[in-house]
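Q: Sharing a structure, written as structure tokens. Questions coming.
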Protein chains: 2
Amino acid sequence: MEFTLTEKPDELYDVVIIGAGPAGTTAAIYTARAGWKTLVLYRAEADGALGITQKIENYPGVPGPISGYELLKRMREQAKSFGAKFVRGKVIATELKTDPKKVYTIDGREFKGKVVIVASGAMERAHKFKGEEEFLGRGVSYCGVCDAAFFKDQPVAVIGDDDYAIEEALFIARFASKVYFIVPGSKIKAPPEAVEELKKQPNVEILLHHRVLEIVGDQTVKGIRLKDLETGEEKFLEVNGVFIFLGGTKPSVDFLMGQVEMTDGECIVVNEEMMTSVPGVFAAGDVLCNEVKQAVVAAAMGCKAALAADKFLSGKRKIVPQW
Amino acid sequence: MEFTLTEKPDELYDVVIIGAGPAGTTAAIYTARAGWKTLVLYRAEADGALGITQKIENYPGVPGPISGYELLKRMREQAKSFGAKFVRGKVIATELKTDPKKVYTIDGREFKGKVVIVASGAMERAHKFKGEEEFLGRGVSYCGVCDAAFFKDQPVAVIGDDDYAIEEALFIARFASKVYFIVPGSKIKAPPEAVEELKKQPNVEILLHHRVLEIVGDQTVKGIRLKDLETGEEKFLEVNGVFIFLGGTKPSVDFLMGQVEMTDGECIVVNEEMMTSVPGVFAAGDVLCNEVKQAVVAAAMGCKAALAADKFLSGKRKIVPQW
């Protein structure tokens, strides 16, 4: 799949929502239904904590067990039925204090919104592999679209376990001579079609249940040491690049670039209406450091943020945050 | 339908939940699934703000439009599938500082719980009819089971528009010579079977779209003045009793009898975990004076209250509220 610039560059949305988990999608249901031109940017189809949840049976009103991805799909269809637009794109930067606010994706697209709702979840990795930091920018990368071309006709490793990682691997495989797709667990959390597509690539080799021990090299990456968790066997693969697309549990807030008030540099501060310190910028769901990480709680925050965004857009409230 | 004492009088529940709207029912989903013996007390099948909502299409994950009652039924089935028990009974009194805590229903039953979750919603009436306060206890009543027998072979009015009112009217019709069932709007918000049952009673006359102008009398009630909103015609009905079963928008908290801390005597104060000032007593949903009255927000609060109740029951937290 190729990234294309299908957006009209000067298109202005009322609401740009970053993240399509239960918080972002619920926000979209409410703002789109209220008649606001709503865009939702999402990183991957089965992205986020709910998207990769295998079974859920306690989401109130939806008797289960169903997959988290199926529940999410239902929410997204609902939002689309009210006119919300969903566009795939990993957000890497924002300008929140301008009017309109601007949101940039990794493939260089720019999106403009009068309001931004941050619902990017908490899937950042807190722990890094041995050698990861050392070789960052010298073989280690978090972005296939940005860096794949540097590895033309060379062997690389892609570490990941979801459809976002697959998408990136497919892109990288168009350049690299060989792609080792390394899955730490025993399963790829992605739609079967995506996994099939990956398997079809002649230069891709999938390694399930392989733990990364170390990324090694001198000036640049020369290889990766792995352990096969099923056999206990250690392996060394010669690669010149290592692309890492793994999820974790830290809030995904890098793209805010310090523009909104945070506690400990990690947790976004919001008022009762889910508004951040920047007027017109709201946050909802796991990206806030809530103790309770349940889909229904995230959805409720999305609802609240959307209702506050509606008030903000309607000019019914002062644009000074009420702390 | 008759009220019967089917409870074993000494049965002890882990969790007694007052109210079966989205907050109470979601709390039950979570506590029952966590293995706690859970009882939900509810006033009427289609009770509460969601139960009487005709159409809902923005509850995330449940594409609509479906009726609020149908959504609620799905949630209740879910809670039952995890073992929660639902018992019909209007709660009129509580003892919350004892161990176990006690909850009393209007028909004299007593229920015991280690934890109580108050999710009784906000359907109390803030405005009263002319004459209502004056004749309270002298012909005006809010309880058929308590007072119907006083009106044996006498004409009475029942004012209401839901299945709780129908239930009460059916009970009252066994005593009264004549029951005028007065509906302020043009529709009874109840399952068709319940409406049919009411229509079948030879001594019940249903008056749709009739506004109550005044309850009149001398020492006791002698009649009720009505206006037919369709014809504009005013009417006087001779009745000795007026039973009122109408919903409003005030929190239903009378049965707490001042045992938990409230603001303005109306709004229950809770901490972040939804715990009231009384350890082991939680509150969730519209009974709290939230600005956002949406099913998903109430459900989220029920989820939070249940998780906190779980911690409380597990002894994982100090039983001193953290303010």
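The values are calculated or read from the model by the stated rules, or taken from the named source; none is laboratory data. It should be emphasised that the depicted structure is a prediction, and the values quoted were computed from it without experimental measurement. For neighbour counting, all protein chains shown are included, and Cβ atoms are generated from backbone atoms with ideal geometry for every residue, glycine included. With ligands, DNA and RNA removed, areas are computed over all heavy atoms of the protein, side chains included. Shrake-Rupley method; radii C 1.70, N 1.55, O 1.52, S 1.80 Å.
Q: Tell me which B residue has its C-beta closest to the axis rotating B onto A, and the distance in Å?
A: B:Ala300, 2
Q: Rg and Dmax of the protein assembly as shown, Cα atoms, in Å?
A: Using the Cα atoms of the protein assembly as shown, the pair Rg, Dmax is 29.6, 101 Å.
Q: How big is the C-alpha Rg of chain B next to the rule-of-thumb value 2.2 N^0.38 Å, as a ratio? Let's see the in-between values first.
A: Values: Rg = 20.2 Å, N = 323, 2.2 N^0.38 = 19.8 Å.
After normalising by residue count via 2.2 N^0.38 Å, the value is 1.02.
Q: Pairs of Cα atoms under 8 Å, at least six residues apart: use those to get the relative contact order of the stretch A:1-125, whole percent. Don't jump to the answer; show the numbers that get you there.
A: Working: 245 pairs, mean separation 43.2, N = 125.
In percent, rounded to a whole number, it is 35.
Q: Accessible area of B:Leu313, 1.4 Å probe, to the nearest 10 Å²?
A: 40 Å²
Q: Which order do B:Asp163, A:Asp153, B:Asp47 take by accessible area at a 1.4 Å probe, largest first? Intermediate results must be reported in sequence, preceding the final value.
A: Details: B:Asp163 10, A:Asp153 110, B:Asp47 35 Å².
Ranking B:Asp163, A:Asp153, B:Asp47 by accessible area, largest first, yields A:Asp153, B:Asp47, B:Asp163.
Q: For the stretch A:221-323, what is the number of Lys pairs with C-alpha distance below 27 angstrom, counting only pairs 8 or more positions apart or on separate chains?
A: 9
Q: Shifting gears a bit: Can you tell me which of B:Phe150, B:Phe111, B:Phe82 moves the most in a GNM of chain B? Springs connect C-alpha atoms under 10 Å apart.
A: B:Phe150
Q: Continuing with the same structure: Give me the Debye-computed log₁₀ of I(q)/I(0) at q = 0.18, 0.19 Å⁻¹ for the stretch A:3-113, equal point scatterers on Cα only, no solvent, two decimals.
A: Debye intensities relative to I(0), on a log10 scale: -0.88, -0.96.
Q: Suppose you put the label 7 Å out from Cα in the Cβ direction; list, shortest first and in nm with one decimal, how far A:Thr231 is from each other copy's label.
A: Values, ascending and in nm: 9.1.
Q: Now for a different question. Using a 1.4 Å probe and ignoring any ligands, DNA or RNA, find the accessible area of A:Leu136 and quote it in Å² to the nearest 10.
A: Accessible area of A:Leu136: about 90 Å².
Q: Let me ask you something else. Please report, for A:Asp254, the nm distances (one decimal) from its label point, 7 Å out from Cα along the beta-carbon direction, to the equivalent points in the remaining copies, shortest first.
A: Output for A:Asp254: 5.9 nm, nearest copy listed first.
Q: Over chain B, what is the mean sequence separation of C-alpha contacts under 8 Å (at least six apart), divided by residue count, expressed as relative contact order in percent?
A: On the way: 752 pairs, mean separation 67.4, N = 323.
Once divided by the residue count of chain B, the mean separation gives 21 percent.
Q: Using only protein heavy atoms and a 1.4 Å probe, report how much of A:Thr53 is accessible, in Å² to the nearest 10.
A: Rounded to the nearest 10, that gives 50 Å².
Q: Which are the unpartnered cysteines of chain B, meaning those with no other cysteine Cβ under 4.7 Å from their Cβ?
A: Singleton cysteines: B:Cys303.
Q: Additional query: Could you work out how far helix B:22-33 tilts from the main Cα principal axis of chain B, as a 0 to 90 degree angle to the nearest 10?
A: So the helix axis and the longest Cα principal axis differ by about 40 degrees.
Q: Next up: For the stretch A:90-172, what does the relative contact order come out to in percent, with C-alpha contacts under 8 Å and a separation of six or more?
A: Numbers: 62 pairs, mean separation 15.5, N = 83.
Contact order relative to length: 19 percent.
Q: Can you tell me which of A:Val140, A:Val62, A:Val212 moves the most in a GNM of chain A? Springs connect C-alpha atoms under 10 Å apart.
A: Largest GNM mean-square fluctuation: A:Val62.
Q: Please state the shape class of the stretch B:199-298: rounded when a/c is under 1.5, otherwise prolate if a/b exceeds b/c and oblate if not, all from the C-alpha gyration tensor. Could you put the intermediate results ahead of the total?
A: Working: a/c = 3.02, a/b = 2.29, b/c = 1.32.
Since a/c reaches 1.5 and a/b is larger than b/c, the shape of the stretch B:199-298 is classed as prolate.
Q: Can you tell me how the stretch B:135-245 classifies by the Cα gyration tensor, rounded, prolate or oblate, using a/c under 1.5 as the rounded cut? Write out the running numbers ahead of the final one.
A: Numbers: a/c = 1.75, a/b = 1.08, b/c = 1.62.
Note, shape of the stretch B:135-245 comes out oblate.
Q: Just to confirm a number: summing +1 for Lys and Arg and -1 for Asp and Glu over residues other than B:Ser177 whose beta-carbon lies under 13 angstrom from that of B:Ser177, what do you get? Kindly include the intermediate steps, with their values, before the conclusion.
A: Values: positive: B:Lys152, B:Arg174, B:Lys178; negative: B:Asp153, B:Glu205, B:Glu238.
Surrounding charge for B:Ser177 is 0.
Q: Distances in nm, one decimal, shortest first, from B:Arg211 to the same residue in every other copy, taking the label point 7 angstrom along Cα→Cβ.
A: Once sorted, the set of distances for B:Arg211 reads 7.5 nm.
Q: Can you tally the net charge around A:Glu238? Count Lys and Arg as +1, Asp and Glu as -1, for every other residue whose Cβ sits under 10 Å from the Cβ of A:Glu238.
A: That sum, taken over residues with Cβ under 10 Å, equals +2.
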